Amino acid sequence: MPELPEVETTLRGLRPYLSGARVERLLVRERRLRYPIPVATETAVAGQRILHLRRRAKYLIFELEQGALLVHLGMSGSLRMVPAGAPPGLHDHLDLCLAGGLALRLRDPRRFGALLWTAAPPEVHPLLRHLGPEPLDPGFDGAYLHRLAQGRRLAVKPFVMDARHVVGVGNIYANESLHLAGIHPKRASGRIGLGRYQRLAEAIRAVLTEAIAQGGTSLRDFVQEDGRPGYFRVSLRVYGRGGEPCPGCGTVLRDERIGQRTSVYCPRCQR
């Protein structure tokens, strides 16, 4: 699944093509995505200029002259710039056709992605209004996590993966951040002190910043117009390395399911 760094990489790759562009039409081949695309969406966006592109959590937001488009890549979605009219593949479900001859194409084999138009400010949309802070914003820090965790028995790994607490800390990045901070993923979130939460917040920020700089870990299909990949693979310290030596102390990394997700940790470094 594309995570925050992959979505941020996509956003930065698309900006040169979409910022200021005018939408000629929205061509929908398959309406049955995560949320069905109504015909009214095509009418709403046709002829509008894209004023600004930004990201909220794992949603791409295209601010138009009137309203905005919200795009989510779901489990398997990807976006590519293609020549308008290029033959679509089996899972190429829609094209946002631009004046000038290019189109933004959504490919989504599992159809868990979404494209929604909203007339209201995106922040009040039901899918966005309950989201927690962005982990790279100044308001996110260890004091915030410590305050939120008071009295909770929930393990710290699912705690930081809950988008109501903080957005964008997916499974890969939760594993990496907890290892970097030296915190066991099964430790109760309410039994972690302020200092350790400060280290965790710093680790989350560092891991995501590095991943964004390298282009994310799993977005394999986003390509630029010239066909070059729009990402580089991040070097992961623990995720996917269960049974291998810990890069910090050499102890064998353990691999188990925590909160229905694969978790890799060092039993010596992480307490």
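Among the residues of the stretch 68-82, is any polar (S, T, N, Q) and closer than 26 Å to E134 by Cβ? If you could, list the steps in order and put the result at the bottom.
Filtering the stretch 68-82 down to residues polar (S, T, N, Q) leaves 76, 78.
Now narrow it down to the ones that are closer than 26 Å to E134 by Cβ: 76, 78.
There is at least one residue in the stretch 68-82 that is polar (S, T, N, Q) and closer than 26 Å to E134 by Cβ.
Determine whether E6 is buried (at least 17 other Cβ atoms within 10 Å of the Cβ), in a strand (DSSP E or B) and either modelled with pLDDT of 95 or more or not aliphatic (A, V, I, L, M) (or both). Against the criterion (buried (at least 17 other Cβ atoms within 10 Å of the Cβ), in a strand (DSSP E or B) and either modelled with pLDDT of 95 or more or not aliphatic (A, V, I, L, M) (or both)), E6 does not qualify.
I'm trying to understand the selection: among the residues of the stretch 117-173, which are surrounded by fewer than 16 Cβ atoms within 10 Å (Cβ to Cβ) and either free of Cβ contacts under 8 Å to residues at least 24 places away in the same chain or over 27 Å from H184 (Cβ atoms) (or both)? Listed by number, the residues that qualify are A119, A120, P121, E123, V124, P126, R129, H130, D137, P138, G139, R147.
Does L96 meet the test of being within 18 Å of M1 (Cα to Cα) and assigned to a strand (DSSP E or B)? Outline the logic, then answer.
Details: within 18 Å of M1 (Cα to Cα): no; assigned to a strand (DSSP E or B): yes.
When the stated conditions are applied, L96 does not pass them.
Scoring K186 on the criteria (1) modelled with pLDDT of 95 or more; (2) surrounded by 18 or more Cβ atoms within 10 Å (Cβ to Cβ); (3) under 27 Å from M75 (Cα atoms); (4) not aromatic (F, W, Y) leaves a single failure, condition (2).
Restricting attention to the stretch 13-34, and to residues there that are part of a helix (DSSP H, G or I) and at pLDDT 90 or above, which single residue is surrounded by the fewest Cβ atoms within 10 Å (Cβ to Cβ)?
Among those residues, the one meeting the criterion is P16.
Say whether the condition of being at pLDDT below 95 and touching a Phe, Trp or Tyr at 6+ places or on another chain (Cβ under 9 Å) is met by at least one residue in the stretch 62-74. Scanning the stretch 62-74 turns up at least one residue that is at pLDDT below 95 and touching a Phe, Trp or Tyr at 6+ places or on another chain (Cβ under 9 Å). Residues satisfying the criterion are present in the stretch 190-212 (criterion: at pLDDT 95 or above, within 18 Å of S263 (Cβ to Cβ) and either of a type in the set (F, W, Y) or not in a helix (DSSP H, G or I) (or both)). Would you check if there is a residue in the stretch 35-49 being closer than 19 Å to S19 by Cβ, part of a strand (DSSP E or B), at pLDDT 95 or above and assigned by TED's automatic domain parsing to the domain that holds E8? Yes, some residue in the stretch 35-49 is closer than 19 Å to S19 by Cβ, part of a strand (DSSP E or B), at pLDDT 95 or above and assigned by TED's automatic domain parsing to the domain that holds E8. Residue-level analysis places R25 among those that are out of contact with any Leu (no Cβ under 6 Å at 6 or more places or on another chain) and more than 22 Å from H125 (Cβ to Cβ). Is it true that V71 is β-branched (V, I, T), surrounded by fewer than 18 Cβ atoms within 10 Å (Cβ to Cβ) and either assigned by TED's automatic domain parsing to the domain that holds G100 or without any contact (Cβ under 8 Å) to a residue 12 or more places away in the chain (or both)? No: the conditions fail for V71. Here's a check for you: in the stretch 74-93, which residue that is among the aliphatic types (A, V, I, L, M) and within 21 Å of P2 (Cβ to Cβ) is surrounded by the most Cβ atoms within 10 Å (Cβ to Cβ)? Across the stretch 74-93, the extreme among qualifying residues is L79.
The values are calculated or read from the model by the stated rules, or taken from the named source; none is laboratory data. Keep in mind that this is a model prediction, so the values were computed, not measured. Ideal geometry is used to build each Cβ from the backbone, glycine not excepted, and the neighbour counts take in all protein chains shown.
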